[in-house]
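Chemist: Dropping a structure here in C-alpha cells format, bear with me for questions.
Values quoted throughout were computed directly from the atomic coordinates according to the rules given, and no laboratory measurement underlies them. Nothing here was measured: the structure is a model prediction, and the numbers come from that model. Don't worry about glycine lacking a Cβ; one is built from the backbone with ideal geometry, like all the others, and counts go over all protein chains shown.
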Amino acid sequence: MRRRLLLVEDDPTLRQALTFNLSREGYEVTSASDGEAALEAARSERLDLILLDVMLPGMSGVEVLRVLRREGVTTPVIILSAKGDEIDRVVGLKIGADDYVPKPFSRPELLARIEAVLRRHRRETEEPEKREELVFGRVEIDVARREVSVEGEQIHLTTKEFDLLAHMAGSPGRIFTRDQLLARIWGYDYLGDGRTVDVHVSWLRGKLRGDAGHNYFRTVRGVGYAFSPRSA
C-alpha cells in the first residue's frame, strides 16, 4: 500500500518539484499551500506523514502543528524550515514535531528523514510484546524482565532510570522534549521540572558509557534528548 504524505509548502515551484519527486519514490502526495488548507487535509484524510513548512501565509506551520497536537492528531510531522528559523524549529519540536529538515535540502536527505520517521512511527505502534528485547551492540534491554546488561553484565537501574531508558530506546533517534519525558515517565501531575530529566539522563550516561566513551544520549540544544545507539 502506498504511504500517503501531506506536503504543506507555499512556494509553488518547490511544491511541484517535491510532489513530483516524492511521487516517483512511491508516495501518494496531497499538497496544501497555506495553514488553513493544511488543517483541513490533516483532519479529513488518512495520512502517514506531514511535511510542514514553517513560513506559510496566514497561519504559520508552527501554529498548524500546535492546533493538530491539541486536537489529538498524532500523524508524524517533519518541519521544513530555513536556517534562519531556528527558534521556530525548536518550538516545533517542543510541541510535537518528529524531526526537522533545514532548507535548502537535498532530495536524498529528505527521503532518508522521511523513511526514518516512518520507521520510528511503525515501531511505536507495534504490539508491545514484539519489542520486549532491545539490543544495541553491547547494551541489552530486557523490557519484560526490566533488566539491562552491558557486555553481558547486568547493571542496576532505578525504576525511573529503567522506564526512561526503555521508553527512549524503543524509538532510537527520536527527539523527546523534557516535558514529553516528564509526562510519560513521571506523570502529568508531577511537580518537578526538566532538571529531573537532565539528572536521570546524566545517571544513565554514566552507567551505559564505556564503549570508547560512546554517549548513548544525544542532547538537542533547547529541546531535549534522543537515544543514540552506537553506529555499526
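Chemist: How much length, in nm to one decimal, is gained on full extension between E63 and E36, taken as 0.36 nm per residue of separation minus their Cα-Cα distance?
Modeler: Numbers: separation 27, 0.36 × 27 = 9.72 nm, distance 1.03 nm.
Taking E63 through E36 to full extension adds about 8.7 nm, to one decimal.
Chemist: If you take every residue apart from P108 with its C-beta less than 12 Å away from the C-beta of P108, what net charge results, scoring Lys and Arg +1 and Asp and Glu -1?
Modeler: -1
Chemist: Once every DSSP H run of n ≥ 4 in the chain is given -39500 (n - 2.57) and the sum is divided by its residues, what mean residue ellipticity at 222 nm do you get, rounded to the nearest 500 deg cm²/dmol?
Modeler: For the chain, the value works out to -12000 deg cm²/dmol.
Chemist: Can you tell me which of L118, L164, L134 moves the most in a GNM of the chain? Springs connect C-alpha atoms under 10 Å apart.
Modeler: L134
Chemist: In nm, to one decimal, how far is the modelled label at V73 from the one at R3, with both set 7 Å along Cα→Cβ?
Modeler: Reported label-point gap for V73 and R3 is 1.9 nm.
Chemist: With no solvent and one point on each alpha carbon, what is the Debye value of log10 I(q)/I(0) for the chain at q = 0.11, 0.14, 0.15, 0.18 Å⁻¹?
Modeler: -0.61, -0.94, -1.05, -1.33
Chemist: Take each of the peptides 139-150, 15-26, average the number of other beta-carbon atoms within 10 Å over its residues, and list them starting from the highest.
Modeler: Ranking the peptides 139-150, 15-26 by packing returns 139-150, 15-26.
Chemist: If we sort 71-77, 94-100, 106-112 on the protection proxy, mean other Cβ atoms within 10 Å, highest first, what's the order? Numbers along the way, then the final one.
Modeler: On the way: 71-77: 15.7, 94-100: 21.0, 106-112: 12.3.
Top to bottom by mean Cβ count within 10 Å: 94-100, 71-77, 106-112.
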